[in-house]
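The next block holds one structure in the form of structure tokens; read it before the comments.
Just so you know, all these numbers are worked out from the coordinates, no wet-lab data involved. Given the structure is predicted, the values throughout are model-derived calculations rather than measurements. A quick note on method: Cβ atoms are made from the backbone with ideal geometry, for glycine too, and the neighbour counts reach across all protein chains shown.
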Amino acid sequence: MISNNEDDDDELDEEFLNYLSGNVSSPPVRPPPTMAAPSLPSTSTPIIGNGVNAPIANVAPIGDRVGILATSPWALLDMAEAYSASGSNEFRRPTALDVEIGEVGGLRSSLSSSDAPPTLLTSTSSVPPPARAPPPPPHSKAEEDIMDVATPPANHDELFPRPSAPPLELLVENGYFDDDSSAPSTTPASIRPPANDAPPPPENAAVGTRSTKIAASYDNPTAASAVFIPLPSTHSREADTRGRASWMMMPPAEATAVAVTPLGDAVPPMEDPPPDREGGNARIEGVIGSLACLWVGRGNHKRIGLVSLGLMTVLAAIIAVMVMKLGPDPKPIDVTTSTPTASLTIAIWKQQGVSIVGYAPGDNLGTSVAFSADASTIVIGAKGSIDNDPKTGHVKVYRSNDDSGNRVQLGQTIYGNATGDLTGFSVDITADGNAIVIGSPGYWENNDRPGYVRVFALESKDDTSTNTWKQIGGDIIGEVDGDEFGYSVSISEDGNTIVVGARAADGNNGDNLGRVRVYRMDESESDWIQVGDDIKGVVPDDNTGCSVSLSADGTQVAIGSPGFDDKGDASGCVKVYQMDSAGSIWEQLGQTLYGDNARDYSGISVDFSPDGYTLVIGFPGDNADGDRPGYVRVFSLNVSDDNTGTSSWEQIGLDIIGEAKGDEFGSSVSISEDGKTIAVVANTNDGENGVDTGHVRVYRIDDSKSDWIQIGDDIDGEAAYDYSMSVSLSADGNKVAIGSPLNNDNGKNTGHVRVFALEFEQDNTSVTTSSSTMTPTIYIWKQDGQSIVGDAPEDLSGISVAVSADASTIVIGAMGYYDNHSKTGYVKVYYTSDDRGKRLQLGKTIYGDATEDQFGLSVDITASGNTIVIGSPGSWNNKDRPGYVRVFSLETDGDLGTNTWKQIGRDITGEEDGDKFGGSVSISEDGETIAVGADGYDGENGLDSGLVRVYRMDESESDWKQLGDDIEGETAYDWLGFSVSLSADGTRVAIGSAWNGDKGVSSGLVKVYQMDSAGSIWEQLGQTLYGDFTLDYSGMSVSLSSDGNTLAIGSPGDNEDGDRPGYVRVFSLNVSDDSTGTSSWEQIGLDIIGEAKGDEFGRSISLSEDGKTIAIGAVFNEGENGVDTGHARVYRIDDSKSDWIQIGNDIDGEAAYDVSGGSVSLSANGNKVAIGSPLNNDNGENAGHTRVYVLE
């Protein structure tokens, strides 16, 4: 967000740096804000180095912040462009850059002399604040949207206005362009060249090279506050838009003493301008991109941040910096404690859009997948059953027209001709996504057909609503029954050349040599003509053609023969062929590439880069030592420059080895356009979610081309026996499609395909390091087990969730439809007995009694997971029933197979129709005490004032007895009891009254009560905690720690400025030690603020057992996957208890309008979180689902 606030908490002056470093004992008194840069601190000692006396940069001021800033002229231009296009005055980082506009804004002072105004960054206009949203009625429209609709509310934009962003202009004064083409019109932002009389750069200043667009210079560098030294990147802008020249800010006195070297190597100071970024020596070994910023935050934040503008492929493990010495008497800052946090840009694979699932059991959707170059179009093969016709097979194509990842089917489904065709066993697609090739090899167990291949093209390429797929040419048919013609296919970029593998060619005689044929469309575009002769296997059971891949121009083909025996039984081999200049003969290109050992199965998968110069080969056997992890090799074509033109394949980097024996790593591979990124499938990997889930890993070659570095985390299959089997990378390597044909999302072996996009996020981690190096821990939330989906459309499964202390048991409410009875509702409980996350239903489904019961709107579970409480408040629109609550316990604790849920005591029923008794519930640790909210109760204080009652099981364990008196709302329409939370022992209860108007309409409040020593009266504990402003809705969610001493309050309105991001506050109970025993609630840390207006951050919250970790749902957050996807974030309090630090990445909803985060529940230790998305459409519109994530 753009900020000109000179008193921002993140800014830091010199005095405060001295205080942090221990040079002074008292914190400073902040000076008044000033636009001029303060004087430089001592520069005699660098504060960043590589440990061998080679400084990278020295401390310099930025406004009243003292720190180090490095950015790039390209970064400024890109951020300006992205900001102008973002449609929001909050910078949302739509590129890989991880520097906010506001931080770059701080650069202004440092580019000017001490008495000059800032000149770099200015905004040419401003946007007035949006009109204040009208107050919603009790139970706001947003609340009804969660409960009742799947599409955005009609007044969504009205309630949550999003003003457009002002244009942004970059100004460069006292500077010059060092480039042959400096016309401002060629740049994405308005860049002004210097005046004609601008002074030349100083002689002692290193200036920009041709690839550096802007360089700052001064006529008197000693008077300037800073001199900027460009540090070239090893990646050109043309080759990698993320590889930018970085600029390090240096004190003038040190301007000629800058060196950035590979770690461990010292070089003399640079006296000449650094070389151009192609091949320059200014890089950190192993990091694509540049070190961008290091600064020490102020006050409550106290963090050390390390940000990268590049692709952080290996993160901090290869950055050894941070000896921090400040002031005239340098003293190292101690970073060996757990208080500092490292802010690192990390690569994460995030699912984009919803999973594409098969529509019937046995479909095997995801048998094959292929992406267009930009990943906007995906073709998916499903070799299985159609309408009970076994193994006919079909193919679907999907296209996305935006960045949300939501895909719609493009054209009609293409079906096989007959039972056993296995249509869709192999597929490929052209770079533009407008033509596809489909293999139908036939059911090999029968050997009763040769197999065939068909090619289709879009009839209309512009109008997706009318598009149909039209077959191009006739069927291309194999030669003999049993050939398995079409087992593998590949298509050229223009769609006019295809290659087809028939791995069992030689028919029924058992030879299985295998054969490959290449075809080209004739000039009449009516038939496919074979190009060149057959390419055949050499010996029986070669299975030549098991895999094939064409170059983009169709003149080179790679062919796998995994059964070849030259290096041992089924060691396998790969050969590459090139069409001769006459266009009639296929000639082998380079040497044969063999597997090393018996049963390596070399060539079971192959893929070419489009230019045909880079080749990836899968060896999924790797059986030299009697096990089968599998490995992958990548080769580059080396063409000799002698007269013979001899070519050879040279391996790039080391072997890439699978994780564990039995993984079959390399069973499928895919390569990016430039050949520098590959995706690899291990289809029998035992991932986090169970046996044979399979997984995909993505790798990039390092700068030295000596090793392959994994990018992001493993992408595991969703459940046991999913067998992630097929994979396809986008041209840029930043998106990957993964097929799991045995996934059971929509029935047994329906299969599904998921698409993941590579994203870059900041992650906050505890740092425990030596004084010169750091190896931080990176936390990532990974899904634990499969999504638990609602049974049918409109179930709203996930409207409520709760987990046991260890998260092994989860109770899920689905208040929606059941057997066409509107909003009857049901509840299910799931249990997992291992660390793989696979969950089985525990006991039978528990149903509501009647239509509109809304049974399951609220649920809770004991720490052991053996007792649950369920609220059934009835419809707030009809108000034709009071509502009721039921408690159930397992009849047997040990045997999952025979467990059933037995109701404990009778129904607990509300007093009057419309009470909404059971709208919120909470249960004690032993299951003997429950709290129930009835926010629609009409009490003595007015309509809908609300009520909370607490009950305890009597000694006979046959009935629930009220404990203490009613706790009622203060005034009409308080809706007290909308949220409740009990302490573990049941003696304290927190109650939310989100519509209370004491501080303004629906500002809200929370009170905590404690049972007196006699066990008969509820006494308020501490003060009432109010929302700050109108429409804060403070108390819409509450959560107590187990001991009742920590309280979290969600305020999802946060309407102070007319918008609605939402915020959360956490309080700790302070019990005075005087004779009165007075208690008060004191806030812990700062407010935790939502990401953007309209998020309703704090709609749901959950505290860990110790109160140090909190999960927060923001149901209307517009995440990576579309509008109102919703998300959850998890925070931990820092050691100083002064700030809440986000742990891991955002956990986004799967698709638009999922409202993920409608419910959240944390495990006792805070390392697992369950998230409900009641409007998810995985199993039908608004069926809902729940996902569990584990912190790794």
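When we measure straight from the Cα of Lys661, which lysines land under 18 angstrom away, once same-chain ones fewer than 8 places off are left out?
none
What list do you get for Glu1118, Glu912, Glu523 if you sort them by fewest beta carbons within 10 Å?
By the 10 Å Cβ count, ascending: Glu523, Glu912, Glu1118.
7 Å from Cα along Cα→Cβ at both Asn1165 and Asp655: what's the point-to-point distance in nm?
In this crude spin-label approximation the distance works out to 3.6 nm.
Taking a temperature of 20 °C and a viscosity of 1.002 mPa s, what whole-number D in µm²/s does Stokes-Einstein yield for the range 350-766 with Rh from Kirkwood over alpha carbon pairs?
Roughly 102 µm²/s, to the nearest whole number.
May I ask you to sort Ser875, Ser1080 by Cβ crowding, counting other Cβ atoms within 10 Å and putting the fewest first?
Ser1080, Ser875
Using 0.36 nm per residue of separation minus the Cα-Cα distance, give me the extension gain between Thr646 and Asp1043 in nm, one decimal.
Residue separation times 0.36 nm, minus the Cα-Cα distance, leaves 135.3 nm.
Evaluate the charge dipole of the range 350-766 about its Cα centre and quote only its size in Debye, nearest 20, assuming +1 on the Cβ of each Lys and Arg and -1 on the Cβ of each Asp and Glu.
680
Roughly how many nanometres apart are two label points built 7 Å out from the Cα toward the Cβ at Ser1136 and Lys567?
5.8
Lys879: which lysines have alpha carbons under 21 Å from its alpha carbon, excluding same-chain residues fewer than 8 sequence positions away?
Counting by Cα, and skipping residues close in sequence, Lys879 has these lysines nearby: Lys141, Lys823, Lys916.
On a straight-distance basis, which lysines could pair with Lys838 in a cross-link, Cα separation under 16 angstrom, same-chain partners fewer than 8 positions away excluded?
By straight Cα distance, Lys838 reaches Lys748, Lys782, Lys828, Lys1168.
Please identify the GluC sites (Glu not before Pro) of the range 926-970 that satisfy two criteria: DSSP loop assignment and at most 16 other Cβ atoms within 10 Å. Which are they?
Here the GluC sites (Glu not before Pro) that fit, given the DSSP loop and packing criteria, are Glu940, Glu955, Glu957.
Pick out, from Ala582, Ile491, Gly439, the residue whose Cα sits farthest towards the positive end of the charge dipole of the range 350-766, with +1 on the Cβ of Lys and Arg and -1 on the Cβ of Asp and Glu.
Looking along the dipole axis, the top candidate is Gly439.
Averaged over every viewing direction, what's the projected area of the C-alpha convex hull for the range 465-555? Give it in nm², one decimal, please.
6.9
Identify, among Tyr1153, Gly1113, Thr1125, the residue whose Cα sits farthest towards the positive end of the charge dipole of the range 1083-1157, taking +1 on the Cβ of Lys and Arg and -1 on the Cβ of Asp and Glu, with the dipole about the Cα centre.
So the residue we want is Gly1113.
Can you tell me the FRET efficiency between Thr851 and Leu943 if r is taken as the Cβ-Cβ distance and R0 is 35 Å, rounded to the nearest 0.05?
0.90
Determine the dipole magnitude for the range 1078-1154: charges of +1 sit on the beta-carbon of Lys and Arg, -1 on that of Asp and Glu, nothing else is charged, the reference point is the Cα centre, and the result goes in debye to the nearest 20.
In debye, rounded to 20, the range 1078-1154 gives about 260.
Rg and Dmax of the range 1083-1187, using alpha carbons, in Å: what are they?
When restricted to Cα atoms, the range 1083-1187 yields Rg and Dmax of 13.6, 47 Å.
If I model a spin label at Glu911 and Lys748 as a point 7 Å from the Cα along the Cα→Cβ vector, what separation in nanometres do I get?
5.4
Evaluate the charge dipole of the range 396-548 about its Cα centre and quote only its size in Debye, nearest 20, assuming +1 on the Cβ of each Lys and Arg and -1 on the Cβ of each Asp and Glu.
The dipole magnitude comes to about 340 debye.
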